[in-house]
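Notes follow the structure.
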Amino acid sequence: MIGGGQGAFIGAVHRIAAAIDQQVELVCGAFSSNPQTSLASGEELYLPPERSYASFTEMVEKEAQLPLGERMDFVAIVTPNHVHFPAAKAALEAGFHVLSDKPATLDHAEAIELKKIVDKSGLIYGLTHNYTGYPMVKQAKHIIAKGHIGKIRKIVVEYPQGWLATKLEDSDQKQAAWRTDPKRSGAAGCIGDIGTHAENLAEYITGLEIKELAADLTAFVDGRLLDDDGNILLRFNNGAKGILHASQIAVGEENNLNIRVWGETGGLEWHQNEPNTLLVKHLEQPTQIYRTGHGYLCEAATNATRTPPAHPEGYLEAFANIYLAFSSHIKDRLNGEEKDSYDYPSINDGIRGMAFIEATVASSKNNATWTTL
């Protein structure tokens with residue numbers, strides 16, 4: 001693991017998710033840019049002192065010197081955004097697979113360069129757009145892919161939060177500090193942090209790509225350097241239209257990611273705060289309620305489920321599905337049984353996300369002009 005040490009949030013989420021299916025073991029880490037914090041974090045996680053490193057460059061260099069079967073198999077990158085590219089580059093060039101938190105890089109140019117590095121290395125790269133791991137998200141994708149609601153006409157995807165309704169970054173809140181800092185977060189704040197999740201969810205479920213957009217970004221909190229709210233019109237490559245709304249100043253909202261999709265003959269609706277339920281609607285018929293854990297679900301949804309119906313599975317389990325698919329890919333490659341495809345976000349999803357951020361920021365600066373990705 002790179003990052004995720006003392007005081008971090010997402011590192012613990014990754015470690016729990018990785019451990020759920022007992023296919024991944026934490027064996028080493030460089031947990032902070034501060035060497036002392038990194039070593040102390042490794043001690044808290046009961047790692048041997050020699051497997052806790054002062055920097056990620058030291059870690060990839062020394063791990064590469066260990067024999068196969070003892071060295072780490074892949075790196076999980078859980079740092080602020082500005083470290084994603086150099087950490088991934090170092091790991092890939094040292095011969096290690098990479099699973100990175102999103103967004104893939106600090107900017108679009110880095111994402112393009114990272115793809116070149118991934119392709120040259122021949123190694124496996126994944127991105128933790130974890131909301132794609134929910135069983136009902138996979139069921140929604142299956143329903144659309146099978147044409148059960150017809151050609152897609154309209155997509156509305158939302159991700160409102162309220163935690164940055166005040167200037168929290170002026171306190172000692174570590175997460176607020178780096179997520180609102182252009183040097184560490186990138187060109188966008190809210191849109192880079194959660195807007196990319198909404199963008200990725202819309203493209204994953206529908207199988208479509210955003211072709212162009214018109215965006216209006218705002219920093220409502222006085223003195224904030226990056227956007228904390230965004231409203232975006234979307235045009236998709238099949239002619240469908242869409243609306244994407246993301247906000248971190250929506251007072252009272254938690255992580256209310258949700259999506260509604262309408263086709264020529266039906267529609268569907270999914271809310272992250274009720275993740276085990278998918279609503280499916282058809283012309284002149286009652287609304288159908290799909291629930292996690294039942295035998296009528298598609299193979300992908302079934303494979304992403306661990307417990308019987310009505311036993312809640314949520315954020316951590318969805319995250320774990322990304323880790324399970326990624327680690328299965330590595331295992332299959334080691335055993336010479338690699339398949340044609342695996343269900344986890346790739347470097348191409350990372351490039352799409354960075355192109356989305358770049359186009360959104362450019363559009364907003366130009367008075368919401370339609371901008372091509």
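The values are calculated or read from the model by the stated rules, or taken from the named source; none is laboratory data. The shown structure was predicted, so the numbers you read here are calculated from the model rather than taken from an experiment. Note that we place each Cβ from the backbone using ideal geometry, even for glycine, and neighbour counts take in every protein chain shown.
The table below gives the values:
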quantity	calculated
Members of the range 95-139 found to be outside any helix (DSSP H, G or I), closer than 30 Å to Glu274 by Cβ and among the charged types (D, E, K, R), listed by number	Asp101, Lys102
Among (1) among the β-branched types (Val, Ile, Thr); (2) farther than 22 Å from Ala12 by Cα; (3) assigned by TED's automatic domain parsing to the domain that holds Glu264, the one test that Thr196 misses	(2)
Strands (runs of 3 or more DSSP E) contained entirely in the range 198-282, each with at least 1 residues that are farther than 15 Å from Lys141 by Cα	210-218, 229-236, 241-247, 277-282
Some residue of the range 85-103 being within 28 Å of Ala188 (Cα to Cα) and polar (S, T, N, Q)	yes
Filter result for Ala88 (in contact with a Ser or Thr (Cβ under 9 Å, 6 or more places away or on another chain), within 30 Å of Pro182 (Cβ to Cβ), without any contact (Cβ under 8 Å) to a residue 40 or more places away in the chain and surrounded by 15 or more Cβ atoms within 10 Å (Cβ to Cβ))	yes
Per-region count, the range 238-287, residues exposed (fewer than 13 other Cβ atoms within 10 Å of the Cβ) and more than 30 Å from Phe220 (Cβ to Cβ)	7
Options Glu158, Glu212, Glu203: the member that is more than 24 Å from Lys365 (Cα to Cα) and either surrounded by fewer than 18 Cβ atoms within 10 Å (Cβ to Cβ) or among the acidic types (Asp, Glu) (or both)	Glu203
Conditions (1) crowded, with 19+ Cβ neighbours inside 10 Å; (2) among the aliphatic types (A, V, I, L, M); (3) farther than 30 Å from His294 by Cβ: number failed by Ala165	(1)
Inter-residue pairs, beta-carbon under 8 Å, first farther than 20 Å from Val78 by Cβ and in the range 310-333, second in a helix (DSSP H, G or I), 6+ apart	Glu313/Pro135
Enumeration of residues in the range 22-61 that are within 17 Å of Ala87 (Cα to Cα), hydroxyl-bearing (Ser, Thr, Tyr) and surrounded by fewer than 23 Cβ atoms within 10 Å (Cβ to Cβ)	Ser33, Ser52, Ser55, Thr57
Residue check, Val137 in contact with a helix residue (DSSP H, G or I) (Cβ under 9 Å, 6 or more places away or on another chain) and assigned by TED's automatic domain parsing to the domain that holds Asp222	yes
Top-ranked residue in the range 308-353 [being among the acidic types (Asp, Glu), at pLDDT 95 or above and out of contact with any Leu (no Cβ under 9 Å at 6 or more places or on another chain); ranked as nearest to Glu110 (Cα to Cα)]	Asp343
Candidates Tyr315, Tyr296 - the one that is in the same structural domain as Gly147 (by TED's automatic domain parsing) and not aliphatic (A, V, I, L, M)	Tyr296
Members of the range 51-94 found to be more than 22 Å from Gly126 (Cα to Cα), part of a helix (DSSP H, G or I) and either out of contact with any Gly (no Cβ under 8 Å at 6 or more places or on another chain) or not charged (D, E, K, R) (or both), listed by number	Glu58, Lys62
Residue within the range 2-25 that is touching a residue at least 40 places away in the same chain (Cβ under 8 Å) and charged (D, E, K, R) present	yes
Residue that is surrounded by the fewest Cβ atoms within 10 Å (Cβ to Cβ), among those in the range 288-331 that are touching a Phe, Trp or Tyr at 6+ places or on another chain (Cβ under 9 Å) and β-branched (Val, Ile, Thr)	Ile330
Condition check for Gln161: in the same structural domain as His294 (by TED's automatic domain parsing), modelled with pLDDT under 95, closer than 28 Å to Val251 by Cα and under 20 Å from the mean Cα position of the chain (by Cα)	no
Hey, Ala215 under 15 Å from Ile357 (Cβ atoms) and not charged (D, E, K, R) or not	yes
Members of the range 203-237 that are within 30 Å of Lys167 (Cα to Cα) and small (Gly, Ala, Ser)	Ala214, Ala215, Ala219, Gly223, Gly230
